[in-house]
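Visitor: Below: one structure in structure tokens.
Readers should treat all values here as calculations from the given coordinates under stated rules, not as data from a laboratory. Worth saying up front: this structure is predicted, and the values here are computed from it rather than measured. For neighbour counting, all protein chains shown are included, and Cβ atoms are generated from backbone atoms with ideal geometry for every residue, glycine included.
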Amino acid sequence: MTDFALPLLFATVLWFVATGFVLWLDKLPSTTWPLSITLATVASGFAMGGIIATAEETSPWAAYVAFACALVLWGWHELSFLMGFVTGPNRNPCPPDARGWRRFRLAAATLIYHEVAMFACLLVMMAVTWSKANQTATLTFLLLFVMRLSAKFNIFAGVPHLSTEMMPDHMRYLASYFRIAPPRWIFVASVSGIAVLAAWLADKALSSDGGIATGYALAFALVALAFLEHGFLVVPWQDTAIFRWAMPEAARRQAGGASNENVTMPPQSETNPLAVRQNAVQ
């Protein structure tokens with residue numbers, strides 16, 4: 001059981017620290033962003049090298065290294081998006097009269113470059129690890145990609161609770177594409193699929209040995225975290241509260257004025273959540 005618990009702890013702590021670090025860098029003055037993305041790019045190069053170097057290894061340490069390297073690459077994509085370097089051709093709020101396919105097309109155009117870049121990175125990782133013994137990095141990045149897509153589709157379709165306090169000011173137009181509504185069928189399908197996937201990964205982790213078991217346990221931890229993140233979309237307590245430490249003092253004071261923005265609006269509204277009444281979560 002220790003062989004299963006240790007990867008869970010490692011993945012959870014690393015995900016927590018990495019997410020907070022990305023948010024902290026994004027909240028620094030914009031004059032620091034070019035340096036941050038440059039250093040992140042260099043780190044990503046080393047991370048890809050680490051993935052290649054451990055692709056043939058089957059020991060637990062190789063799984064840990066591959067997992068960490070995949071998170072570094074994922075962090076680069078998140079940072080480049082939040083800082084506005086890799087987003088999409090549309091940087092305008094959603095028109096009030098946009099519905100259906102038009103609304104989807106406009107929403108997709110706000111982040112399509114980001115999605116394509118991540119998919120391209122995934123293809124590169126699949127290529128360099130193809131038929132190799134250690135698939136931890138590729139599986140990690142694939143799960144992050146799929147889980148994030150699931151969250152985005154649910155936010156677009158409609159969920160009861162959303163938090164925008166961690167969103168950078170220059171990216172707040174994205175909130176106009178969010179919808180506050182009761183959970184839809186896509187949410188039920190998403191969490192059901194995530195639960196089944198988590199159970200399968202746990203079974204593979206407990207029935208495997210060595211680095212293979214470690215890789216599956218690390219993957220299980222990510223999927224379990226994704227399940228929790230989806231759950232926060234339907235409960236009033238927002239997960240962004242645990243990342244307040246990552247905000248510089250000035251940004252933390254600014255967020256304090258609208259502490260834990262929990263957006264509420266009529267169930268079928270498609271208007272900008274930032275333009276409606278916001279309640280503080282106690």
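Visitor: Dipole of region 2-280, Cα-centred, from +1 at each Lys and Arg C-beta and -1 at each Asp and Glu C-beta, to the nearest 20 debye?
Guide: Details: 17 positive and 16 negative charges, 183 e Å.
Its charge dipole is roughly 880 debye.
Visitor: To continue, here is another question. Within a Cβ distance under 12 Å of F21, other residues only, what is the Lys/Arg minus Asp/Glu net charge? Walk me through the numbers before you get to the answer.
Guide: Working: positive: K27; negative: D26, E78.
So the environment of F21 carries a net charge of -1.
Visitor: What is the calculated FRET efficiency for A117 to D169, with r their C-beta to C-beta distance and R₀ = 22 Å, to the nearest 0.05? Each step should come with its number before you reach the end.
Guide: On the way: r = 23 Å, r/R0 = 1.04.
Efficiency, rounded to the nearest 0.05: 0.45.
Visitor: Continuing with this model, one more query. Under a plain spin-label model, where a point goes 7 Å from the Cα along Cα-to-Cβ, how far apart in nm are K204 and I186?
Guide: Each label point lies 7 Å from its Cα, and together they span 2.6 nm.
Visitor: Would you mind calculating the gained length between L28 and T58 on full extension (0.36 nm times residue separation, minus the Cα-Cα distance), in nm to one decimal? Provide the component values of the computation, followed by the final result.
Guide: Values: separation 30, 0.36 × 30 = 10.80 nm, distance 3.94 nm.
Working it through step by step, the gained length comes to 6.9 nm.
Visitor: For K27, list the lysines whose Cα falls under 24 Å from its own Cα; do not include residues on the same chain fewer than 8 positions away.
Guide: Answer for K27, where 24 Å is the Cα cut-off: K152, listed by chain and number.
Visitor: Would you mind checking the radius of gyration and Dmax of region 2-280 based on alpha-carbon positions, in Å?
Guide: Final numbers for Rg and Dmax: 19.0, 56 Å.
Visitor: On a straight-distance basis, which lysines could pair with K132 in a cross-link, Cα separation under 29 angstrom, same-chain partners fewer than 8 positions away excluded?
Guide: K132 reaches K204.
Visitor: Which of N134, A43, L233 sits closest to the plus end of the dipole of region 2-280, meaning its Cα is farthest towards the positive end, when Lys and Arg get +1 and Asp and Glu get -1 on the C-beta?
Guide: Farthest towards the positive end: L233.
Visitor: Continuing with the same structure: Got the relative contact order for region 2-280 handy, in percent, Cα pairs under 8 Å and 6 or more residues apart? Display every interim value, and only then the final one.
Guide: Details: 396 pairs, mean separation 70.6, N = 279.
Answer for region 2-280 is 25 percent.
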